Amino acid sequence: MDDERLVETFVELADTLIDDFDVIDFLHLLVDRCVELLDVDAAGLLLANQRGELQVVATSNEQVRLLELFQLQNDEGPCLEAFGTGKAISHPDLGAADAKWPRFAAAATEAGFAAVDALPMRLRSELIGALNLFRAEPGELDPTALRTAKALVDVATIGLLQERSIRNQEILTEQLQTALNSRVIIEQAKGLVAERYGLDMDGAFAALRGYARSHNLKLSDVARSVIENRGGNLDLIGAAKQARQQPRRGSSE
């Protein structure tokens with residue numbers, strides 16, 4: 001584990017008081033760094049909407065996004081259990097999880113994952129979501145990696161609650177609902193960019209996010225512009241080329 005990178009990640013996750021704080025990019029930072037720093041191959045994060053229902057907000061790749069959606073549609077899986085109980089859920093061998101999550105275990109195994117850990121996003125009695133960590137090989141997650149993952153989730157949860165509290169004292173669900181609504185727009189934009197530039201969905205997202213960061217724009221604003229112009233009027237060519245060349249760990253390719 002890269003200690004310097006880990007410290008940098010904690011600082012970034014704690015710094016939610018900047019003027020242009022972007023919830024979606026913040027949550028993608030969390031899942032991306034989990035894959036980068038921990039012994040996991042993919043990660044997905046779900047947040048609760050205003051009705052307390054979990055929705056997919058950030059994933060490390062398209063394959064995991066589809067698996068998380070499958071989990072929600074079938075109402076079974078580790079993230080749902082972690083969110084429902086407020087406790088960390090682990091299974092070192094999904095091939096033997098038929099009795100626990102029969103449909104999810106089969107889908108996860110088919111997708112190439114053999115083990116999973118799910119961590120609730122929780123501060124005392126307040127639960128706002130859950131994080132899934134997937135591994136391609138069976139076995140328990142290293143204890144140090146698990147403790148680090150819990151610390152990252154805790155810092156991210158506190159950061160979101162802190163941002164809510166200091167900014168405007170509004171309920172957290174309103175902020176999270178905005179993030180969920182933005183996610184719908186981003187998914188639509190990914191499809192347009194993928195078709196226009198000949199990318200897969202992971203590459204399309206990388207192009208959108210790269211463009212947003214290089215131009216100091218919010219990801220949701222870039223996505224909205226893509227939709228309004230049907231993929232035109234944005235110079236995503238450079239970002240798209242970079243996305244094609246960049247290897248993605250845990251990709252569905």
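Computed values, structure above
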{"read-out": "Relative packing of peptides 178-184, 41-47 - highest average C-beta neighbours within 10 Å first", "value": "41-47, 178-184"}
{"read-out": "Net charge contributed by nearby residues that have their C-beta within less than 9 Å of Val40 (K/R +1, D/E -1)", "value": "-2"}
{"read-out": "Solvent-accessible ranking of Thr148, Thr85, largest area first, probe 1.4 Å", "value": "Thr85, Thr148"}
{"read-out": "Dipole magnitude of segment 84-123, debye to nearest 20 (Cβ charges: Lys/Arg +1, Asp/Glu -1, about Cα centre)", "value": "240 debye"}
{"read-out": "Accessible surface, 1.4 Å probe, highest first, among residues Ser90, Ser125, Ser220", "value": "Ser125, Ser90, Ser220"}
{"read-out": "Net lengthening on full extension, Phe10/Glu228 (0.36 nm per residue, minus Cα-Cα)", "value": "74.9 nm"}
{"read-out": "Inter-probe distance in nm under a simple model that places probes 7 Å from Cα toward Cβ, at Asp98 and Glu110", "value": "1.5 nm"}
{"read-out": "Exposure ranking of Leu67, Leu146 by accessible area [1.4 Å probe, largest first]", "value": "Leu146, Leu67"}
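The values are calculated or read from the model by the stated rules, or taken from the named source; none is laboratory data. Keep in mind that this is a model prediction, so the values were computed, not measured. Note: ideal-geometry Cβ built from the backbone for every residue, glycine included; neighbour counts use all protein chains shown. In case anyone asks, the SASA skips ligands and DNA or RNA and just uses the protein heavy atoms, side chains included. Shrake-Rupley method; radii C 1.70, N 1.55, O 1.52, S 1.80 Å.
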